[in-house]
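First the structure, in the form of structure tokens, and then the observations on it.
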Amino acid sequence: MAKLRRKISIDEIMSKKYKDIEFQGDWQNLLGTPEMSGSWIIWGQSFNGKTSFCMQLSKELCKYGKVLYNSLEEGARKSMRNAIERNHMYEVKRRFHIIQEPIEDLKERLRKARSADIVIIDSLQYSDLTKAEYKKLKEEFSKKLFIFVSHAEGKQPKGRFADFVRYDSDIKIHIEGYKAFCMSRLSKAGSNSEYVIYHEGAIQYWGTL
């Protein structure tokens, strides 16, 4: 018979201390005050501002910890360099690093002392993760925040696994027309909120802000 896990009391939950990300301004409006752990998901069609949003989010997150961007799709290609230049990522170069490596190699990196606090995996489809491996990754590195970037099919993440990650994630961000639309378990009343990634592109797409 499998050993049952220990019950957690209400007092234990209420007295637990959380490491929060104290966002300010537009980022607070979009994301609230989330934990520095668990998983988020970002998805959207190509050429809608997804990479730029990931850079802008990474730059903001560098205020709260070290960010590691696993660019499984683009790596060090020119498109990635352009995104770095466009969003002035050199301003956070001490806390932001890019890699392109399989998940098993990433796990070895994260086991080292003083490893990144926040890991962005771009993309979920290129990661070759299974549902079981995803759960193990979160369990082993329970004090880290994982942000998964996904392809889209229509207005939803592409594929059954990506849809599972969406349901599991505390923060869900859909990118469309140079805007980010967020649903969060941690925002006020779970309300929807939005963030403009690129004003000119958003106006051209939506007609107005």
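The values are calculated or read from the model by the stated rules, or taken from the named source; none is laboratory data. The shown structure was predicted, so the numbers you read here are calculated from the model rather than taken from an experiment. Because the Cβ atoms are built from the backbone with ideal geometry, glycine has one as well, and the counts that use them run over all protein chains shown. Note: areas computed on protein heavy atoms with side chains; ligands, DNA, RNA excluded. Shrake-Rupley method; radii C 1.70, N 1.55, O 1.52, S 1.80 Å.
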Q: Inspect the range 70-85 for any residue being open to solvent by 50 Å² or more (accessible area, probe 1.4 Å) and acidic (Asp, Glu) and give the result as yes or no.
A: yes
Q) Mind checking whether some residue in the range 125-134 is more than 18 Å from Ser71 (Cβ to Cβ), hydrophobic (A, V, I, L, M, F, W, C) and crowded, with 17+ Cβ neighbours inside 10 Å? A) no
Q: Could you figure out which of (1) closer than 17 Å to Ile42 by Cα; (2) crowded, with 18+ Cβ neighbours inside 10 Å; (3) among the aromatic types (Phe, Trp, Tyr) isn't true of Phe164?
A: (2)
Q) Just wondering, is there one or more residues in the range 66-79 that are modelled with pLDDT under 90, closer than 26 Å to Tyr205 by Cα and either outside any loop (DSSP other than H, G, I, E, B) or within 13 Å of the chain's Cα centre (by Cα) (or both)? A) yes
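Per-residue answers, yes or no, for (1) at pLDDT 95 or above; (2) within 27 Å of Asn29 (Cα to Cα); (3) part of a helix (DSSP H, G or I); (4) out of contact with any helix residue (DSSP H, G or I) (no Cβ under 6 Å at 6 or more places or on another chain):
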position	(1), (2), (3), (4)
Lys107	yes, no, yes, yes
Lys112	yes, no, no, yes
Tyr126	yes, no, yes, yes
Asp163	yes, yes, yes, yes
Arg166	yes, yes, yes, yes
Ile175	yes, yes, no, no
Leu186	no, yes, no, yes
Q) Restricted to the range 96-105, and to residues that are out of contact with any strand residue (DSSP E or B) (no Cβ under 6 Å at 6 or more places or on another chain) and farther than 12 Å from Leu129 by Cα, which residue is surrounded by the most Cβ atoms within 10 Å (Cβ to Cβ)? A) Glu101
Q: Being in a helix (DSSP H, G or I) and under 13 Å from Ser52 (Cβ atoms) is the filter; apply it to the range 86-95 and report the residue that is most open to solvent (accessible area, probe 1.4 Å).
A: Arg86
Q. When only residues in the range 52-65 that are part of a helix (DSSP H, G or I) and in contact (Cβ under 8 Å) with a residue 40 or more places away in the chain count, which is farthest from the chain's Cα centre (by Cα)?
A. Ser52
